[in-house]
Amino acid sequence: MPIPAHGLPAEELFRRLEMYKERDVSWRAGKILTGIYDPGGETEAVVKEAYTRFLTENALYPNLFPSLLQLENEVVRMVVDLLQGDGEVVGNCTSGGTESIMLAVKSVRDKARVERPEISMPEIVLSQTAHPAFHKAAHYLGLKTIVTPFDLQSFRADPAAMRQAITPNTILLVASAPCYSHGVIDPISEIAEIAREHNLCFHVDACVGGIHLSLLRKAGYPIPPFDLSVPGVTSLSVDMHKYGYAPKNVSVILYRQRALRRYAFFASAETTSYSVLNTTVLSSKSGGPVAGAWAALNYLGEDGYLRIVREVSEATRQMLEGILELDDVYVLGEPAMCMFALASRTLNIFELDDEMTRRGWTLQPQFSAGGGPANLHVSVHYSTVGHVAEFLQALRESIATLKERGNAGAQEALALKAEVERLMAQPDAETFARIVALAGVEPGRLPSNFARINTVLDALPDSLVGTLLLEYLNSLYA
Ligand SMILES: *Cc1c(COP(=O)(O)O)cnc(C)c1O
């Protein structure tokens, strides 16, 4: 496709953009329960305005744009205060949780290179419930992940298993507050104690929970210590573009000490180019996201955020109570905030997902792992408040529909799983293509029957799921 020979009139261009958007999910309805964090109405408008005012400014050059330096420093100081850090704690704004985690891992790796040069393959110890971003960081940065089992009742990290996994090569322990998948907080204080005993760095991934949990604590809800108030926590990630209700892409990485952050930075003066000096992975970067985060913090203020977390908590409580009354679904573990995972012992959970989709709701399928069942993730946010009754109604209807169908879906799921296992038992050159066909995945196209695909994927070994999804992704993009 060549670029148009003649530029399009703005009107025509925007018409086309809106047309492209027509097939997207309509997130404004508050029924997208993953990946969307919508403060709604006026806040959204103010934050967007702040964002666009700094869209063109380049945060690579704090000398040219001291405004961006000031905005970033103020965002970081406000987050440090919320997460109960002292004057020693420093931080930076990044493009998201993944980048914050990447920098946390790099800081610890480079510190170890200096202080423990005898280690050739450094190791990170983390629960299977920790976010994939740590595996990505290890992959990019050349570290090994040592994954420990989680508690099958609570879905929390198991400190004893983590302690056992420590070797002479361990440089970092990781825990989540809360983990994204199940919304439960790991035993942070216990793991911090282990880190201190072994003189290890300890990163708390508060990407999704940092802001929301801190506000719940301020509102008087019982929240176990998870932040910089816990001795032994050496770095912490907090996404502003989740429950900070800032626009994407902005997160904050906090380091207990300036000396640790020094290892996250990068400088290069050896080329013919200008000297590159980076606080983060990105080099050129828009000032928009940081301005957006600053605007969210200042526009909402503590009282604005408290109003949001109280309403979101109440909505979540009502959803959980409603779910308790249903026989066919249940919630995994004890969710700490406004996120939970829904499982079923009687239905194919992926079919339930498709039924919810048909009724306008977007939940997030998560595959079985480590002994925990396949489930649907739900993140409640401000725009979901007011739709609780509808959600429960949709859930009841979806369950009823599946049961009316005589649970053929669950039978079919078993048959699919058996077929996948049969193919996997004697793999040959054709196995991969057969499994793809079985799942109903068509290269280069977005799928429609998700239940079938998810059922097949769930039956595959984890490593193969990764390979399959990568092939698919590689076919999807131009
Ligand atoms: C979302 C999330 C991440 C990754 O953040 P991105 O902004 O998607 O890069 C990491 N950890 C947790 C707990 C998260 O919820």
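Summary of values
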| quantity | calculated |
| --- | --- |
| Spans of helices (runs of 4 or more DSSP H) in the stretch 367-472 with at least 3 residues without any contact (Cβ under 8 Å) to a residue 24 or more places away in the chain and among the aliphatic types (A, V, I, L, M) | 408-425, 431-439 |
| Given (1) within 16 Å of the ligand (Cβ to nearest atom); (2) crowded, with 16+ Cβ neighbours inside 10 Å; (3) within 21 Å of Gln257 (Cβ to Cβ), number of the condition Ala133 does not satisfy | (3) |
| Residue satisfying all of: in the stretch 1-53; touching a residue at least 24 places away in the same chain (Cβ under 8 Å) and among the small types (Gly, Ala, Ser); surrounded by the most Cβ atoms within 10 Å (Cβ to Cβ) among these | Ala50 |
| Those residues of the stretch 313-328 which are touching a helix residue (DSSP H, G or I) at 6+ places or on another chain (Cβ under 6 Å) and within 18 Å of Lys31 (Cβ to Cβ), in sequence order | Ala315, Gln318, Met319, Gly322 |
| Residue list for the stretch 240-281, filter: surrounded by fewer than 23 Cβ atoms within 10 Å (Cβ to Cβ), touching a Phe, Trp or Tyr at 6+ places or on another chain (Cβ under 9 Å) and of a type in the set (A, V, I, L, M, F, W, C) | Val276, Leu277, Val281 |
| Verdict on Val75 being touching a helix residue (DSSP H, G or I) at 6+ places or on another chain (Cβ under 7 Å) and within 16 Å of the ligand (Cβ to nearest atom) | yes |
| Top-ranked residue in the stretch 425-456 [being out of contact with any helix residue (DSSP H, G or I) (no Cβ under 7 Å at 6 or more places or on another chain) and under 20 Å from Ser368 (Cβ atoms); ranked as surrounded by the fewest Cβ atoms within 10 Å (Cβ to Cβ)] | Ala425 |
| Close pairs (6 angstrom Cβ cut-off, 6 or more residues apart or separate chains): touching a residue at least 24 places away in the same chain (Cβ under 8 Å) in the stretch 204-227, aromatic (Phe, Trp, Tyr) and within 15 Å of the ligand (Cβ to nearest atom) anywhere | Val208/Tyr180; Ile211/Tyr243; His212/Tyr243 |
| Pair list, Cβ < 9 Å and 6+ apart or interchain, from the stretch 91-112 residues that are under 14 Å from Leu236 (Cβ atoms) and more than 16 Å from the ligand (Cβ to nearest atom) to residues that are at pLDDT 95 or above and assigned to a helix (DSSP H, G or I) | Ser107/Leu260; Ser107/Arg261; Val108/Leu260 |
| Residues of the stretch 119-130 satisfying the condition of being within 16 Å of the ligand (Cβ to nearest atom) and farther than 16 Å from His182 by Cα | Ile124 |
| Condition check for Arg116: modelled with pLDDT of 95 or more, basic (Lys, Arg), farther than 16 Å from Leu282 by Cα and within 14 Å of the ligand (Cβ to nearest atom) | no |
| Breaking point among (1) in a loop (DSSP other than H, G, I, E, B); (2) away from the ligand (no atom under 14 Å from the Cβ), for Thr280 | (2) |
| Exclusive hit being assigned to a strand (DSSP E or B) and surrounded by 17 or more Cβ atoms within 10 Å (Cβ to Cβ), set Phe350, Phe340 | Phe340 |
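The values are calculated or read from the model by the stated rules, or taken from the named source; none is laboratory data. Every value quoted in this text rests on a predicted model; they were computed, and no experiment measured them. Cβ atoms come from the backbone with ideal geometry, glycine included; neighbour counts cover every protein chain shown.
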